[in-house]
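Structure first, then comments.
The values are calculated or read from the model by the stated rules, or taken from the named source; none is laboratory data. Predicted model, so just to flag it, every value in this text is computed and none were measured. FYI the Cβ positions are ideal-geometry reconstructions off the backbone, even for glycines, and counts take in every protein chain you see.
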Amino acid sequence: MKRTVFYDKHIALGGKIVDFSGWEMPIQYPAGIVKEHLATRRNAGLFDVSHMGRFIISGAGALDFLQYTLSNNAAALEVGQAQYTIIPTASGSAIDDAYLYRPSEDEFLLVVNASNLDKDWTYLNSFAANYDVQLLNRSTEVAMIALQGPESEAILNGLIEKGKLPADGRNNISQITISNVDIFISRTGYTGEPVCFELFIENAGACAIWDALIEAGAEPVGLGARDTLRLEGSLPLYGHEMGDDIDGNEMPLYACPLAKFAVSFDEVKGDFIGKEALQKQANAIAEYKDGNFSNKAIVPRTIKTIKLIDKGIARAGSKVFAGDKEVGYITSGTMVPYWIIEGELPDVTFTDKTGNRAIGLALIDCELNKDSDITVQVRNKQIKAQIVINNLKGRKPPVALPVV
């Protein structure tokens with residue numbers, strides 16, 4: 001079992017520790033998952049995500065290496081920018097999804113999922129010999145924390161001693177100093193919040209930053225609420241909405257709606273792993289939008305956001321039906337809390353009232369849409385459900401709005 005540099009902090013805060021991909025991580029703190037979820041949406045949640053993998057890619061051939069092994073166009077990144085990307089298979093599925101950062105002209109940072117860290121490292125190194133590139137695994141030397149929620153920016157601005165926060169707009173990055181500790185910071189996150197930051201800190205100074213953020217008002221949040229937050233934001237989790245399906249078969253990458261942001265066919269990118277298969281998938285998805293499903297065998301099922309209408313909770317693996325026909329299954333499902341909010345962006349007011357709703361993501365027949373009647377099998381009952389565009393509006397600051 002591995003521990004992050006913040007382990008003693010989690011214990012001191014009363015964190016309930018669980019095994020997560022071989023790491024001892026807090027699933028929740030005494031406040032509980034519901035209050036941690038709500039605190040992030042209204043104020044600011046602080047997450048230890050140091051269990052994730054952090055690879056430095058550098059050298060004269062770094063860009064060419066990334067163009068071939070990743071799905072997005074790394075050449076489109078200017079210094080000070082980041083992008084969502086995929087480590088694709090030759091057949092057009094995903095080995096992992098990842099985030100690529102460009103802190104300097106000749107150096108990149110690739111962040112991968114904790115559960116896939118060793119697999120990704122081995123896979124990427126299998127191609128490195130073909131390029132003038134150096135790969136360095138800094139996962140255990142550099143800590144990573146996320147600060148997410150509408151008060152995050154004010155908290156950080158109150159602590160910064162040197163430097164400035166990244167420019168407004170998702171995926172921008174910069175360098176700042178807090179408590180005499182240098183920090184690489186990005187406007188990225190995994191909660192659906194429009195105001196979001198991730199901080200990369202050398203281990204020696206990481207705990208001082210953790211303490212400073214909590215003292216300034218950030219609420220510590222465990223992995224439980226991290227999952228409910230990402231699900232409310234319809235964000236995929238590898239092994240659920242990406243990778244292999246419930247039967248052990250590879251999911252086409254374009255079954256996941258975020259593929260359109262993670263795959264580039266730009267001419268400057270050139271050839272890359274899985275390009276041919278992914279182009280066929282992209283073409284099929286474009287045809288689906290026009291109502292043409294003649295090539296549905298290419299991407300037979302796609303991930304849809306759902307909400308339950310009848311009482312009940314959909315869990316991963318629950319079967320989904322359209323009439324009497326089984327059309328897929330729930331990939332992720334839970335009950336999530338939400339604040340009842342008055343007004344419209346940007347002038348909104350949080351009330352003191354909250355609600356709960358059962359939501360999920362489902363891998364279902366590509367022909368189904370928001371007008372389709374579906375049910376979810378919960379134990380031995382068929383629960384009415386609805387396909388929706390989203391359960392959260394999280395693109396416009398300062399707050400994410402629940403769709404209820």
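General remarks:
- Summed over region 124-148, the residues that are outside any loop (DSSP other than H, G, I, E, B) and surrounded by fewer than 20 Cβ atoms within 10 Å (Cβ to Cβ) give a count of 9.
- Qualifying residue in region 333-353 (condition: touching a residue at least 60 places away in the same chain (Cβ under 8 Å), of a type in the set (Gly, Ala, Ser) and in contact with a Leu (Cβ under 6 Å, 6 or more places away or on another chain)): no
- Looking across region 343-362 at every residue that is more than 18 Å from residue 389 (Cα to Cα), modelled with pLDDT of 95 or more and charged (D, E, K, R), the one that is surrounded by the fewest Cβ atoms within 10 Å (Cβ to Cβ) is identified as 352.
- Qualifying residue in region 226-249 (condition: touching a residue at least 12 places away in the same chain (Cβ under 8 Å), over 22 Å from the mean Cα position of the chain (by Cα) and either on the phi > 0 side of the Ramachandran plot or surrounded by 15 or more Cβ atoms within 10 Å (Cβ to Cβ) (or both)): no
- Selected residue (criterion: farthest from the chain's Cα centre (by Cα)) from residues of region 91-120 that are outside any strand (DSSP E or B) and among the small types (Gly, Ala, Ser): 91
So that you can scan it fast, the table gives a plain yes or no per residue for (1) surrounded by 15 or more Cβ atoms within 10 Å (Cβ to Cβ); (2) within 19 Å of residue 101 (Cα to Cα):
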site	(1), (2)
178	yes, no
185	yes, yes
189	yes, yes
208	no, no
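- Test: residue 280 is over 30 Å from residue 19 (Cβ atoms) and either surrounded by fewer than 20 Cβ atoms within 10 Å (Cβ to Cβ) or polar (S, T, N, Q) (or both): yes
- Residue satisfying all of: in region 318-333; within 29 Å of the chain's Cα centre (by Cα) and more than 14 Å from residue 383 (Cα to Cα); surrounded by the fewest Cβ atoms within 10 Å (Cβ to Cβ) among these: 327
- Scanning region 1-29 for residues that are modelled with pLDDT under 95 and either assigned to a strand (DSSP E or B) or over 23 Å from the mean Cα position of the chain (by Cα) (or both) turns up just one, 1.
- One residue from 219, 215 being without any contact (Cβ under 8 Å) to a residue 24 or more places away in the chain, more than 26 Å from residue 119 (Cα to Cα) and not small (Gly, Ala, Ser): 215
- Single residue of region 71-90 satisfying the filter (among the aliphatic types (A, V, I, L, M) and part of a loop (DSSP other than H, G, I, E, B)) that is nearest to residue 259 (Cα to Cα): 90
To keep it simple, each residue is scored yes or no on (1) in a loop (DSSP other than H, G, I, E, B); (2) assigned by TED's automatic domain parsing to the domain that holds residue 38.
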site: 122; (1), (2): no, no
site: 150; (1), (2): yes, yes
site: 177; (1), (2): no, yes
site: 185; (1), (2): no, yes
site: 189; (1), (2): yes, yes
site: 201; (1), (2): no, yes
site: 208; (1), (2): no, yes
site: 211; (1), (2): no, yes
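- Any hit, region 22-37, residues being acidic (Asp, Glu) and surrounded by fewer than 22 Cβ atoms within 10 Å (Cβ to Cβ): yes
- Search result, residues across region 376-386 that are surrounded by fewer than 19 Cβ atoms within 10 Å (Cβ to Cβ) and either not charged (D, E, K, R) or not in a strand (DSSP E or B) (or both): 377, 379, 380, 382, 386
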